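The values are calculated or read from the model by the stated rules, or taken from the named source; none is laboratory data. Please read all numbers here as calculations on a predicted model, not as lab measurements. Every residue, glycine among them, receives a Cβ derived from its backbone with ideal geometry; neighbour counts consider all protein chains shown.
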Amino acid sequence: MHNLLDYLEHSAKRFPGKTAFSDENERVTFSQLKEIGQSVGTAIAMRAQGLRMPVAVMTNHSVADIAAFIGTLYAGCFYVPLDGSAPKDYSDTLLKSIHPAMTISAKTLAELPSHAPDSYELETARRNIFPNDPAYAIFTSGSSGLPKAALISHASVVNLMEWLGDTFSFSEHSIFAGQTPFYFDTTVEEMYSTIKNGATTHLLPKNVFISPLRAMKLVEQMKANVLTWSTAAAKLIANSGVFEKFIPEGITDVIFGGENLPVKILNIWRQAMPETRFTNTYGLTETTVDCSYYIVNRELSDDESVPIGYPCSGYEILLLDEDGASVPDGEPGEIYIRGVGVGLGYYGDPGRTDEVFVQNPLNSHYRDIVCRTGDIARMNKYGELVFMTRADNQIKHMGCRVELGEVETIVAGIDDVHLVFCAYDKEKSKILLFFEGSISDQQLAAELNGRLPRYMLPNIIIKIDKMPATPTGKIDRLRAREEYYSGL
C-alpha cells in the first residue's frame, strides 16, 4: 500500500455506487468521493504551490469535511482538522502556529471552482508523496495546555488500518456510527476503515448527545454495527441511564479509547449488550490513535482498572524506570512506544518534538526513535498492561508515594460517582479530589474512609455540578482546578 488514496481508489472500483459517508443533509458514494476529492485536490494544488504543505480544515462533522481531507491528500498535502465552531481567537492561534497553505471551511469548499481533475497535477503529487510523508496533523495540548500539531504519516495510518482489519474483520458490511469530532484522532479509525473496506459511516449530528435516548435510537436507525467511540461518550451514555429505556440492536463491536475507561462504565455497557465484543484501546495522538488494546474476555470488578492489554501489530511497548532501564514484571514503569505508528513529531516545533520523540534508552547502537508518553503502567498477573496514572500524577504525600490514578480508580468505582479526577497542591501538601455525581461530598468522604489508607485520602473534596470538558470531551483538569480551587 503506497498511500491512503490507494484504499479509496480500490473501494471506488469495487463499490462505486455504495454509500461511503452520510450526514444529516447529504451522502456520498465511493466513486463520488473519488471524483470530488480529485476535483478539490486539483483546486488545492493550484493554490498550495507545493507538496507536503499543511491545509487547515474548519470541520463541522459533515461529509464536506471528508471531501476536504481527501482533496488535500490528492493535492500531495496534509490536512489539519480544526473545530469550525471554536472561538475565532483560539482558531487564529492554531492557524498561526502552522501557517497553512490554505484554510478550507464548508463555505470555501463550496466556493472553490469546480475543476476537472488535472491528471498531470494529481499524478505528480502521487509520484512524489511517499509512505513516510505526512497525511494529517491533529492538535493536542497534553499536560502543558499548549497546543501542538502531532504529525502522522501515511505509513502509520496504513499500519493502523491493517491491524484493525485483521483484528476485527471489518468489511463492506461494517456500518459505523460516527460520534467523535474530526479534530479528535479516534475518527481516523472509522474514516479509513470505511475507505479501506468499502464500509459505511453515518455521522451522528453534532449535538445529538444532548439527548442520549435520541442518540441510541439513531444508532439503531442507521443499522450501525460498530461503535468506535471516545471514553467520554461511553461515560455520558452509561451515566444517563438510557439503557434502562432503550438498547440498540445489532451492535457487534464497541471500541473505546481516548482516556482511562472505568470498569463501572464498561460493566454498564456489557450488561446492556451481553453479546457485543468490547475493546479498550490505548494510544496517543502522537502514536496514530492506538498502540495497545484489550478485548474484554472476563468479568472485571468496579474497583479494578480495565487493562490496556497488548501491543497492536507494528508496535513494541517498553516499561522503563527513571534511569531508562526496563522494570521487572508487575512493577510500574513509564510507557515508551516503539514502532511504525510513532509519529513524525510536532509540526514546526523541534524543541517539544525532541522532548517527546527520543532515542530508545535501551539502544545506543543506531537511531531508534520512540515516543515517551509520560504515562505509567504495569504488567498484571495475566501478562496484560494496566494503565495506572500520568507520571506527573505520582506524588509523595505523608512520606509515602501515591499514584493519584489509583485514587481516581477507587473513587470511580463508587456508586453515584460519574466523573472524577485528582490533583495535588504541592505548596499545601493536599490531595484534591474533584467529582461529578449524585452522591454528596460528605457521603463520598465517608465511603473513602473504608476504602483508602489514610495517606491516600483526599484532603479536599470538591463536588462539581457539571465537569468542564475539553473540545474532545475529556475532563478539562486545568479549567476545573482554576474555577473550583484557589488554595482553599
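Pull up region 165-191, narrow it to residues that are of a type in the set (A, V, I, L, M) and without any contact (Cβ under 8 Å) to a residue 60 or more places away in the chain, then point me to the one that is surrounded by the fewest Cβ atoms within 10 Å (Cβ to Cβ). Going through the qualifying residues, I end up with ILE175.
Are any residues in region 20-54 part of a loop (DSSP other than H, G, I, E, B) and either surrounded by fewer than 18 Cβ atoms within 10 Å (Cβ to Cβ) or β-branched (Val, Ile, Thr) (or both), and if so, which ones?
Across region 20-54, the qualifying residues are GLU24, ASN25, GLU26, GLN49, GLY50, LEU51, ARG52.
Being under 18 Å from THR288 (Cβ atoms) and either without any contact (Cβ under 8 Å) to a residue 40 or more places away in the chain or in the same structural domain as PRO471 (by TED's automatic domain parsing) (or both) is a property that does not hold for SER211.
Residue-by-condition table, conditions (1) free of Cβ contacts under 8 Å to residues at least 40 places away in the same chain; (2) surrounded by 16 or more Cβ atoms within 10 Å (Cβ to Cβ); (3) among the hydrophobic types (A, V, I, L, M, F, W, C); (4) part of a strand (DSSP E or B):
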| site | (1), (2), (3), (4) |
| --- | --- |
| ASN363 | yes, no, no, no |
| TYR366 | yes, no, no, no |
| ALA377 | no, yes, yes, yes |
| THR389 | yes, yes, no, yes |
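The strands (runs of 3 or more DSSP E) falling completely within region 133-193 that include 2 or more residues that are at pLDDT 95 or above and farther than 18 Å from THR281 by Cβ map to 134-140, 148-153. Checking THR93, THR42, THR59, THR108 one by one, the residue that is closer than 25 Å to LYS206 by Cα and in contact with an Asp or Glu (Cβ under 6 Å, 6 or more places away or on another chain) is THR59 and no other.
Residues that are of a type outside the set (Lys, Arg) and touching an Asp or Glu at 6+ places or on another chain (Cβ under 6 Å) were ranked within region 452-476; the one that is surrounded by the most Cβ atoms within 10 Å (Cβ to Cβ) is MET467. Taking every residue in region 35-59 that is under 22 Å from ASP23 (Cβ atoms) and pairing it with any residue that is polar (S, T, N, Q) and surrounded by fewer than 23 Cβ atoms within 10 Å (Cβ to Cβ), at least 6 positions away or on another chain, the pairs with Cβ-Cβ distances below 7 Å are SER39/SER114; ALA56/THR103; MET58/THR103; MET58/SER105. Could you figure out which of (1) under 21 Å from the mean Cα position of the chain (by Cα); (2) assigned to a helix (DSSP H, G or I) isn't true of VAL80? Answer for VAL80: the failing condition is (2). Residues in region 108-139 that are touching a Phe, Trp or Tyr at 6+ places or on another chain (Cβ under 8 Å) and aromatic (Phe, Trp, Tyr) were compared, and the one that is surrounded by the fewest Cβ atoms within 10 Å (Cβ to Cβ) is PHE139.
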